[in-house]
1. Taking the condition in contact (Cβ under 8 Å) with a residue 60 or more places away in the chain, in a loop (DSSP other than H, G, I, E, B) and farther than 21 Å from B:SER149 by Cβ, does B:ALA41 pass?
2. Of everything in region B:85-97, what is under 12 Å from B:VAL147 (Cβ atoms) and within 11 Å of another protein chain (Cβ to nearest Cβ)? Give them in sequence order.
3. Buried (at least 20 other Cβ atoms within 10 Å of the Cβ) and closer than 30 Å to B:ILE274 by Cβ, is that true of B:LEU157?
4. Within region A:19-131, which helices (runs of 4 or more DSSP H) (wholly inside it) include 2 or more residues that are aromatic (Phe, Trp, Tyr) and in the same structural domain as A:ASN226 (by TED's automatic domain parsing)?
5. Return the residue satisfying two criteria in turn: it lies in region B:48-78 and is small (Gly, Ala, Ser) and more than 7 Å from chain A (Cβ to nearest Cβ), and of such residues it is farthest from A:GLU207 (Cα to Cα).
6. From the set of residues in region B:131-144 that are buried (at least 20 other Cβ atoms within 10 Å of the Cβ) and within 12 Å of chain A (Cβ to nearest Cβ), which is nearest to B:GLY67 (Cα to Cα)?
7. Do we find a residue being part of a strand (DSSP E or B), more than 14 Å from chain A (Cβ to nearest Cβ), surrounded by fewer than 22 Cβ atoms within 10 Å (Cβ to Cβ) and in contact (Cβ under 8 Å) with a residue 40 or more places away in the chain anywhere in region B:26-35?
Amino acid sequence: MNQKNAWRTVAVREIMVKLTDKSFIFSTLFSLAIIVVSIGAGAYFGNKTTDYTVGYTNQSAQAIIDSANHSLESSGSDDSLVAENFASEDEARAALEAEDVDALLSPADSGWELAYAESSDSSLTNLIEQSVVSTTTAANAAEQGISMDQLTAGSSLKVETLKGEDNSFAAMMVGLAFAMIFYMAIIGFGVMIAQSVVEEKQNRIVEIIATAIPIRQLLIGKIVGNIVLAVGQIALYLIVGLTGANLMGALDEFGWVLSSAGWFVAFYIVGFSTIATTWAAVGAMSSRNEDIASLSTPIMMLSMGALFGGIYASGTMLQVLSFIPIVSSIAMPMRLLTENVAFWEPLLALMLCAVAAALLTLLGARIYQNNIMRAGSAVTWRQALKK
Amino acid sequence: MLVEQGSIEVCNLTKTYGSKTAVSNASFTVEPGAMTGFLGANGAGKTTTMRMMMGLLEPTSGEVLYGGRPLNLADRVSFGYMPEERGLYPKQPILNQLIYLGQLRGMTATTAKSRASDLLAELGLGDRLKDKLESLSLGNQQRVQIVASILHRPQALILDEPFSGLDPRAVDTMVDMLHSLMREGVPVLFSSHQLDLVDRLCDRVVILHRGEVKATGGAEELRESGPVRFRYRSEQDAAWLREVPGTEVVDLAGPNALLEISDRTQTAAVRQQILTRGLEHGMTEFFRELPTLGDIYRGATQQ
């Protein structure tokens, strides 16, 4: 007899049933579509270039615009600046009003004037301003018989960031995405586990199964099967996401996510395992699918608390949360993305979560075994925990 | 195929829920190669007893023996069980779930598949292997349920209301299947509240009433052990029978009567007397009337 390995048969069935389940396939494809679309959108907006057209009537204005365009090109930007000549000031004004040009550069009483049609564009203003300053300075210097190098000696400023490029906003967004994926997985797969348990209980097939294999084997098989599905699904999302980012050429910008993605997967698996058996307990306590909603309220509140805690907490609060099991699955990846975290910290958090997983699994398994055979109405948490 | 010979002995099984006693001190034997009918009204405790036998419920006290030793998990794996409320996956193809159940009992997927296909074909479901259970009629779902319980060539069968919802033809097919298993020495216990079915099919009977076993034994023995009754028919008024010592007239309708011998040991003498005098009163028939299972059941559950 293969009673010791019966959980494998159960797990394989659990996986096969889900893989042929239309709603499961659909929701997975839907999530994939969202991932692809958001990567596409990110790449589109990230690579969007702006072409500025600046009108002028005066020869020295053209020199300023050309010089601005030159410094724009040498900065490596894909944006470009085009100078457009107008015969008269009136013609130029008309073109600006018609928004044929983005701005109009003309000499003013004590310098220059950059006119916009409605709202000013700060990057264009900066560009022209710098060019105006350098061009006028160079002209003034030449008048005074001083070379430009002498004038600007020692004035260069080099910008450097210790941690490389600052990605704090992007990191926040990735952390948010991780948090949502985890939250959706524990709710989504959790409800699936509970439904699969209550289906067997409601149809009494559990009585036939229980005469064939120890009920514990059935529980293990169910949990393992769903963890495999959850991990498979997240792996699929990551592969599609990273491949997509690579194809869009955005991987250079998102490469820093990779190291935290590894941690995220670890926290995802351990965090999900922690709560999976509790969902099986919910299923065993229910007598119909409708009972799952009310019986799972404590788990829902915990998951929601973990989600909001991980997203909104910061500083010391976030550090504390990042060690609390289940909450840590959201808070720690968030910290890993947004701040410097010592290597031992995620390891410790994972270990704490594993301990919680062991305890909750024992409790969940006990509730499951006590209630799976019970006929009649649903059991409350108070009743389930008392025995 | 050689099947381990073994009878199932239920010894003093008791199940109480708080102050409520569901089954009280039940003892009976399910013998190999025989069909034992488990009779009782709704709520008599049949299902509770069967669930205790299958290890699904922990008995408050008492035990179940198989071949003389306590019944263990390995034995139960080799048993076939059909729960009262039918249990299979409604949204799955019937062949798939039968293979799964076979695998759980240690069959290979290939063996389970060929055996399940054969049995389903035998029950007329050969062309519906890939259909979902819920798309089948109730009677056909019941057939699939039967296949689930005998798929692994069980060494014993415990069936809770197996015939409810089956049309007469399906009952016959199922009885044939059970008989072929019984010929291999498999003990079969099935519960029912359909007296006529039990009367027709069972070699042995267990009558449960309010959690207590009221009668158990071979169907013939039980009938013999009942009151000794004779049916009398004649061409003249039969009122004179009232005066025959040692008898009691249970029912009298003109020339016909039903008599009961008060003292079983005096049967021969009383019979002799009635036969002699009956011939003078135009007697046409005089024969022993055995009680039906229904009479026994009503007698046992009257208290």
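1. On the way: in contact (Cβ under 8 Å) with a residue 60 or more places away in the chain: yes; in a loop (DSSP other than H, G, I, E, B): yes; farther than 21 Å from B:SER149 by Cβ: yes.
Here the answer is yes, as B:ALA41 does meet what is asked.
2. Here is the first cut: in region B:85-97, the residues under 12 Å from B:VAL147 (Cβ atoms) are B:88, B:94-95, B:97.
Passing the criteria: B:LEU88, B:GLN97.
3. Working: buried (at least 20 other Cβ atoms within 10 Å of the Cβ): yes; closer than 30 Å to B:ILE274 by Cβ: no.
So B:LEU157 does not fit the description; no.
4. Details: elements: A:22-46, A:59-74, A:89-97.
Filter on region A:19-131 gives A:22-46.
5. Taking region B:48-78 first, the residues small (Gly, Ala, Ser) are B:55, B:61-62, B:67-68, B:74, B:78.
Still in the running and more than 7 Å from chain A (Cβ to nearest Cβ): B:61-62, B:67-68, B:78.
Values: B:SER61: 21, B:GLY62: 21, B:GLY67: 24, B:GLY68: 25, B:SER78: 15 Å.
That would be B:GLY68.
6. In this case the residue turns out to be B:VAL144.
7. First, pick out the residues of region B:26-35 that are part of a strand (DSSP E or B): B:26-30, B:35.
Subsequent filtering for residues that are more than 14 Å from chain A (Cβ to nearest Cβ) retains B:26-30, B:35.
From what's left, surrounded by fewer than 22 Cβ atoms within 10 Å (Cβ to Cβ): B:27, B:29.
Add one more test, that the residue is in contact (Cβ under 8 Å) with a residue 40 or more places away in the chain, and what stays is B:27, B:29.
Yes, region B:26-35 contains a residue that is part of a strand (DSSP E or B), more than 14 Å from chain A (Cβ to nearest Cβ), surrounded by fewer than 22 Cβ atoms within 10 Å (Cβ to Cβ) and in contact (Cβ under 8 Å) with a residue 40 or more places away in the chain.
Conditions (1) among the hydroxyl-bearing types (Ser, Thr, Tyr); (2) touching a Gly at 6+ places or on another chain (Cβ under 7 Å), marked per residue:
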{"residue": "A:PHE272", "(1), (2)": "no, no"}
{"residue": "A:ILE275", "(1), (2)": "no, yes"}
{"residue": "A:SER287", "(1), (2)": "yes, yes"}
{"residue": "A:LEU295", "(1), (2)": "no, no"}
{"residue": "A:GLY309", "(1), (2)": "no, no"}
{"residue": "A:VAL320", "(1), (2)": "no, no"}
{"residue": "A:ILE324", "(1), (2)": "no, no"}
{"residue": "A:MET334", "(1), (2)": "no, yes"}
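The values are calculated or read from the model by the stated rules, or taken from the named source; none is laboratory data. Here the structure is a predicted model, which means the values were calculated and not measured. Cβ: placed from backbone, ideal geometry, glycine included. Neighbour counts: every protein chain shown.
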